Amino acid sequence: QVQLVEFGGGLVQPGGFLRLSCAASGFTFSSSPMRWYRQTPGKERELVAHISSDSSEVYADSMKGRFTISRNNANNMVYLQMNSLKPEDTAVYYCYTRIDYSDYWGQGTQVTVSS
């Protein structure tokens, strides 16, 4: 079955950086677009970044220049490098893919940006 497992979240000071990872299994990863979303309490989940099967990247406006999504098809991993973190980046970050019209989410990893 499809599984997405995120890790790498934690507490970081403003201006710091984190690298999130998502381990994927149960589907043909190399041909699947992947996304990172985030969600804070009381708000809808928002798209952070998208990477296509050919590694084309798309970012939400507020993340451009600070976040970088990447993938490694050899080990079925997708990453989110987050730099210059701000308190408003505090959220649970989710890995996502869509396969055969079905949505799949990881369990999420908490990122807290605070001094």
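The values are calculated or read from the model by the stated rules, or taken from the named source; none is laboratory data. Small disclaimer: the values here were computed from a predicted structure and weren't measured. Here the Cβ positions follow ideal geometry from the backbone for every residue, glycine too, while neighbour counts run over all protein chains shown. Ligands, DNA and RNA are stripped out before the accessible areas are found, and what is left, the full protein with its side chains, is counted by its heavy atoms. Shrake-Rupley method; radii C 1.70, N 1.55, O 1.52, S 1.80 Å.
Report whether or not PHE29 is among the aromatic types (Phe, Trp, Tyr), farther than 30 Å from SER115 by Cβ and touching a residue at least 12 places away in the same chain (Cβ under 8 Å). Reasoning before the result, please.
Numbers: among the aromatic types (Phe, Trp, Tyr): yes; farther than 30 Å from SER115 by Cβ: yes; touching a residue at least 12 places away in the same chain (Cβ under 8 Å): yes.
Judged against the criteria, PHE29 is a match.
Cβ-Cβ under 7 Å, sequence separation 6+ or interchain: first residue in the stretch 74-89 and farther than 15 Å from GLY8 by Cβ, partner open to solvent by less than 60 Å² (accessible area, probe 1.4 Å) and among the β-branched types (Val, Ile, Thr). Which pairs?
LYS86/VAL113; PRO87/VAL113
I'd like the full set of residues that are of a type in the set (A, V, I, L, M, F, W, C) and closer than 11 Å to VAL48 by Cα, limited to the stretch 76-90.
LEU80, MET82 - these are the residues of the stretch 76-90 that are of a type in the set (A, V, I, L, M, F, W, C) and closer than 11 Å to VAL48 by Cα.
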